[in-house]
Amino acid sequence: MGTSKVVMLIATRDSFRNSTATHLRSLKFVSSYHTTRLVPQPPDLIHWVRQEGGFVHQDLRISGGVSHGLGLVASREIPIGSDLIVLPSRIPLCFQSLDSDGDGPDSLLVQLARRVPEELWAMRLGLRLLQERATVGSYWWPYISNLPEAFSIPIFFPGEDIQNLQYAPVLHQVNKRCRFLLDFEKEVKIALENVAYKNHPFGGQDVNASSLGWAMSAVSSRAFRLHGLHNDVPMMLPLIDMCNHSFHPNAQIIQEQGISNSRMLVKVVAEKLIEQGDPVMLNYGHLSNDFFLLDYGFVIPSNPHDYVELKYDGGLLDAASMAAGIASPKFSSPTKWQQEILSQLSLHGDRALLKVTLGGTELVEGRLLAALRVLLATEAETVQKHGLDTLKSLSAEAPLGVANEISAFRTIIALCVIALGHFPTKIMEDQSLLREDLSSSRKLAILFRIEKKTMIIDVMKDLTKRVKLLQSKHKTTA
């Protein structure tokens, strides 16, 4: 990580102490919760939503308690099927179009938004959020003033704690976002250098990497995409975005069109009985801890959707196979018929997609499993009896024979060992560090890498059981 990036990260975090403190969409294992909002005493958000024609269940309140951070909590038992929140179409904040031309602050905002790459879509809506934050008397000020002063995501970590993540794909993403913020700051300053006050999209206020990072983080950690509303444009949903995450939620978001008009209503409905004192929980999606950390600032223990990324590489697979005791592996020199199947799996040729994963609900990405089965096979006729779906399926037990399957699993186990070796510390060392007095960012980084290592070990344990079971069955049938 370059010096300039580290400086930007530390300076960004420090500058936010004055105007913008950390908010976690929280989980119970995180050590501390920062519920400081943008202004010391913001307007009552529930009252504002009701005043603007929305509905909030009478037994919901905003809580900043230690057990679940800043979120919505039931003050009394709420029955299943109850409407919890209903927002009319005027309340969500979105960047509706990038097609605007002409003069004025809105057109300048559109021009800036067009420079944002699609993968960093949160910055586009973030520009609109900054515009409303700078607008005196903004309609959304009661909402914006309730937003957190700062966010706990890695772009605001000190440089040392970014390195403490110990996982290259996330380090790459953090550095990429930091570089973008530094470069985009320069673009914004150039674009607004000689703009008259009346045409300035941010009311003449200075926009820098710190404010851009705050806005992008606010959107990435709180925005929703709802189908059919404003053509699937991301939007901020006031109050709804205070619902925390669970893979086993007690509420869900639905969209409903009014009978008397064509305007869409966004609703949160209780899909379970919500007990007194329970937080309202939504499922943010079947995401890996990479996404939860980068966009939301937390990690999920034992996340069933977490995975590690590996690069498909013949030389690496040869090394893993030899470590597993497989004689004369030929992953780096596939035959022509094997190359044809690898091309169908997008693992060979000019358009190959070489990123593969271990973990998640698949345990082993189907493309990787199919490739190993094919490359460990010797007869094209045997392989060609099976379709790609069968070769990619872990539930298709030993389609190319028990010996082939055991060799494939052992190779993957060896890959897991190699992946673990890329982490500088072991789990026991990490757990020992957690007993020390650590900053919240350092603790979060250590928790993240513990979960990655634990997940890899779980994959190894699962595949080892499968190998033993195959060996047992093979002995029985023999």
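The values are calculated or read from the model by the stated rules, or taken from the named source; none is laboratory data. Predicted, not measured: the structure shown is a model, and the values here were computed from it. Reconstructed Cβ throughout: ideal geometry from the backbone, glycine too, with neighbour counts over all protein chains shown. In case anyone asks, the SASA skips ligands and DNA or RNA and just uses the protein heavy atoms, side chains included. Shrake-Rupley method; radii C 1.70, N 1.55, O 1.52, S 1.80 Å.
At-a-glance table
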item: Pairwise centroid distance, computed over Cα atoms, of segment 320-348 with segment 453-472, Å; result: 22 Å
item: Cβ-defined net charge surrounding GLN252, 14 Å radius [Lys, Arg +1; Asp, Glu -1]; result: -1
item: Total formal charge among the other residues, if their Cβ is under 15 angstrom from that of THR135, Lys/Arg +1 and Asp/Glu -1; result: +1
item: Of all accessible heavy-atom area on segment 324-447, the percent that carbon and sulfur account for (1.4 Å); result: 50 percent
item: Sequence of ASP183, ASP462, ASP241, ASP206 when ordered by accessible area, the most exposed leading, probe 1.4 angstrom; result: ASP206, ASP183, ASP462, ASP241
item: Whole-percent carbon and sulfur share, accessible surface of segment 100-191, 1.4 Å; result: 53 percent
item: Computed [θ] at 222 nm, deg cm²/dmol, the chain (DSSP H ≥ 4; -39,500 (n - 2.57); rounded to nearest 500); result: -13000 deg cm²/dmol
item: Dipole magnitude of segment 223-378, debye to nearest 20 (Cβ charges: Lys/Arg +1, Asp/Glu -1, about Cα centre); result: 440 debye
item: Probe 1.4 Å, protein heavy atoms only - accessible area per residue of segment 68-190 in square angstrom; result: 38 Å²
item: Summed residue charge, Cβ within 11 Å of LEU470's Cβ, Lys/Arg positive, Asp/Glu negative; result: +4
item: Integer Hz, Karplus 6.51/-1.76/1.60 couplings in order for segment 370-386, x for Gly and Pro; result: 4, 4, 5, 4, 5, 6, 8, 8, 10, 10, 4, 4, 5, 5, 6, 6, 10
item: Between segment 130-208 and segment 387-411, the Cα center-to-center distance that results, in Å; result: 48 Å
